[in-house]
1. Kindly compute the accessible surface that chains B and A hide from a 1.4 Å probe when together, both sides summed, and give it to the nearest 100 Å².
2. Go through B:321-330, A:169-178 and give me the packing order, highest mean Cβ count within 10 Å leading.
3. Quick one: P(r) of segment B:106-193 from all Cα-Cα pairs, 5 Å bins, percents rounded to integers, in order of increasing distance.
4. Remind me, what semi-axes does segment A:23-126 give for its equivalent ellipsoid, largest first in whole Å, using sqrt of 5 times each Cα gyration tensor eigenvalue?
5. Over the alpha-carbon set of segment B:47-202, work out the extent along each principal axis and list the three values in angstrom, largest first.
6. Using the C-alpha gyration tensor of chain B, what are the square roots of 5 times its eigenvalues, in whole angstrom, with the largest one first?
7. Please list the radius of gyration and Dmax for segment B:358-492, considering alpha-carbon atoms only, with Å as the unit.
8. Would you compute, for the Cα atoms of segment B:252-358, the largest minus smallest coordinate along each principal axis and list the three values in descending order, in whole Å?
Amino acid sequence: MEKEPASKVELAPGVGGGGEIPTFDITLKVRRYNPEVSDEAHWDEWQLTMYGTDRVLDALHKVKWEHDGSVSFRRSCAHGVCGSDAMRINGRNRLACKTLLKDLDTSKPILVEPIKGLPVEKDLIVDMEPFFQSYREIMPFLVSKGHEPTKERLQSAEERDRYDDTTKCILCAACTSSCPVFWTDGQYFGPAAIVNAHRFIFDSRDDAGDMRLEILNDKEGVWRCRTTFNCSEACPRGIQVTKAISEVKQAILTRKV
Amino acid sequence: MQVHKYDVVIVGAGGAGMRAAIESGQRARTAVLTKLYPTRSHTGAAQGGMCAALANVEEDNWEWHTFDTVKGGDYLVDQDAAEVMAKEAIEAVLDLEKMGLPFNRTPEGRIDQRRFGGHTRDHGKAPVRRSCYAADRTGHMILQTLYQNCVKHNVEFYNEYYVLDLLMVDQEVTEDGVTRIQKRVAGVVSYDLASGELHVFQAKSVVFASGGVGKVYKTTSNAHTLTGDGMGIAFRRGIPLEDMEFFQFHPTGLAGLGILLSEAARGEGAILRNSEGERFMERYAPTIKDLAPRDIVARSMANEVREGRGAGPNKDYVLLDLTHLEPAHIDAKLPDITEFARTYLGVEPYTEPVPVFPTAHYAMGGIPTNIKAEVLSDNDTVVPGLYAAGEVACVSVHGSNRLGTNSLLDINVFGKRAGLAAAEYALTADFVEIPENPTTETEELLNRARSSEGGERVALIRKELQDIMDANVQVFRTEQTLVEALRVIDTLEERYTRITVQDKGKRFNLDLLEAVELGFLLDMAKVMTAAALHRKESRGGHFREDYPERDDENFMTHSMAYKDPRATETSGVRLETKPVIFTRYQPMERKY
Ligand SMILES: Cc1cc2nc3c(=O)[nH]c(=O)nc-3n(C[C@H](O)[C@H](O)[C@H](O)COP(=O)(O)OP(=O)(O)OC[C@H]3O[C@@H](n4cnc5c(N)ncnc54)[C@H](O)[C@@H]3O)c2cc1C
């Protein structure tokens, strides 16, 4: 039973913080590419004054809105849930809207490039089609045989927990495009597709696990994974991607989930 | 220019659009046009839950839910629509479960439910557990599940296609010897982001599901891309917009940022405190306190700050206190939002209260529809073949204030209805001839933005618009603030004719599209402000300090805003009214 909180409490001094937000200067370098202008990519850089609460996305917006409107990147929700703005920031795949500038080394230029392994369309925008193609191939939907219950299917909290981690995926491609195998072999399904297969394989309500395991047992499937952990490090949702892939490998070997 | 032909075209791939597509796609040739990849839609940001009187954890029924919805909306809700929604809620949740949605479960393995603001047992007696949820990422799970099912049913998506115009023709119809002019849908015009080419889609049915317009405000929980395009397109084509003065400010946005902390936090037991550590909601809503509806909580917070009891060095926010909750409970039920507090404010919710302030959240108003999701071109004339559902629409189930968890419900119930109705209509109707030169207006719009060299910056005009809306058309309004806002919007509109778009290319020209989106924002800000000026009373999300009481005698009506250049007093927006539909409930004073 929850206890009723007190009507009045003593607050610690300075609670909540706020007030004057510190500013600092950064150098932002962005990898530019626009085939309408040139076949060659190049770097552009800007000196910007930013606030302590600003993220890399704010710096990109400052450039686009105040300096050069042609700098192109995708973004929407701006707080790490829509998955539009995965990019390479100082060599690591991250979401621009979740990366606070103050957490980066601002004494050096901040380097921003498109994610790797997918064709670049313009500046930080890549062609996402191959990524979604792999996703679609693993049957990313619940398949259940037999009669539909009139009410909900039952699932215990433990069964629900079994695949909780992999339901968090926002399809941003940070994991897949951080994978060295994916860079060299564009046919490889990649971590994100396997994560989404995991989400269904380990769902007690699903009846197509075997088919998905068969798909991932393919030569471009899970066995290409060399367990470099790049994907787990890259995931902005904190999904334990490598663990999920190992569980799928294990399930293929034992045919047990 | 390319021309495509489909039975049904759906504009938008958020929850409403994809729910419609799943129905329509199995019955008629359907295309979904969306300016974002489907899974980027803002439905994915929804956190707290979707309500339905499943009665899985305690006694509940759809009639109580209907009542709460009507009362929550301060009696401006169309009661037939609220009843449909509350009844079909149960099936809507079960549909999602069958599609695979991983709801949190009770110990018995049923769908778990939790409390949410304004949802009560037996007409207001006590909070009830009605919200079905998946941790605090319910919207994410709904969006993913619907997308998965679209993949399953091979729904055809045109991703990163911006719809910029609606094609309609006037037809003469004769009924009972009377001839009148009726609008009919012919299709839409869209802009392909990748190539910069225009594509015309001819369709028998068009469903608008393009979401909200939160970006008229500076402090908002809404995505950068929520710029009211669908509402703007309809308005420019002569469709009225209903109840646009009602915009919901969600109480708990992260202070200074607007990023949302779901009401689920309070549903799970968190409370609000002022600078004196006082749980001030005990004074404003003695019965349900922190779980009062959002308009009441947001105003109470703003009032605490106004009266000098705000926290922090500038006394400009209040505190959301979770410190009395078990960390394990917080991790299980609220992992994402506590992570937001850590990431963006550096505050540890286990041990410190989180700075919060109201954030612009949800448009109650929109394109008027009836309960079949058919769009109305005045108080009762249906536009054959035109449908709307979700935040872009106004059926009206939310009246003057939406209850939490009723929008994820709305998009599912009315998204499904729109998809079914659009497909059914398309199976019997004929295509309407596309008008000659269908892209003329759109080309003019784009060329104006591309070729103007006045030097005004889109971002600056947008910022000034957002600033004035935050300052003058927020939680508290007066005639003076609204008149001033309209004046500023007029000058911004004038400057908008002199903008310069720097990117002159065709590929992925988001610079150009931001300019187009700003045009919609300006139009919608104008409509919202003019409607707010027109409503000289206080009701739900609309609070006029110069008219602080609800005035049922004069204002128990929906407002209908029409584009009309002759209405010069109100910046080209003409306001009319539309009766509210009553079935069971007579207006009462709204106390919690
Ligand atoms: C942070 C947050 C939390 C929320 N939490 C809850 C909650 O817990 N419970 C609840 O009930 N409600 C909640 N809401 C409200 C609810 O999530 C939204 O109202 C609802 O998801 C809107 O869905 P939609 O399908 O109408 O629009 P969206 O999901 O916004 O989708 C709009 C779609 O339209 C497309 N589009 C827009 N313009 C164009 C154009 N010009 N051309 C082509 N396509 C276009 C976009 O690409 C997108 O696909 C929350 C809202 C926010 C912001």
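1. Working: alone 21740 and 14740 Å², together 29910 Å².
Chains B and A together bury roughly 6600 Å² of accessible area.
2. Details: B:321-330: 17.4, A:169-178: 27.7.
Highest to lowest by the protection proxy: A:169-178, B:321-330.
3. 3, 10, 9, 10, 10, 10, 8, 10, 12, 11, 5, 1, 0
4. On the way: eigenvalues 84, 49, 31 Å².
They are 20, 16, 13 Å, listed from largest to smallest.
5. 55, 47, 24
6. Working: eigenvalues 251, 151, 117 Å².
Computed over chain B, the values are 35, 27, 24 Å.
7. Reported Rg and Dmax, both Å: 19.5, 52.
8. Principal axes ranked by extent give 34, 31, 21 Å for the Cα atoms.
The values are calculated or read from the model by the stated rules, or taken from the named source; none is laboratory data. Just so we're clear, the structure is a prediction, and the values are computed from it rather than from any experiment. Ideal geometry is used to build each Cβ from the backbone, glycine not excepted, and the neighbour counts take in all protein chains shown. Heavy atoms of the whole protein, side chains included, go into the accessibility calculation; ligands, DNA and RNA do not. Shrake-Rupley method; radii C 1.70, N 1.55, O 1.52, S 1.80 Å.
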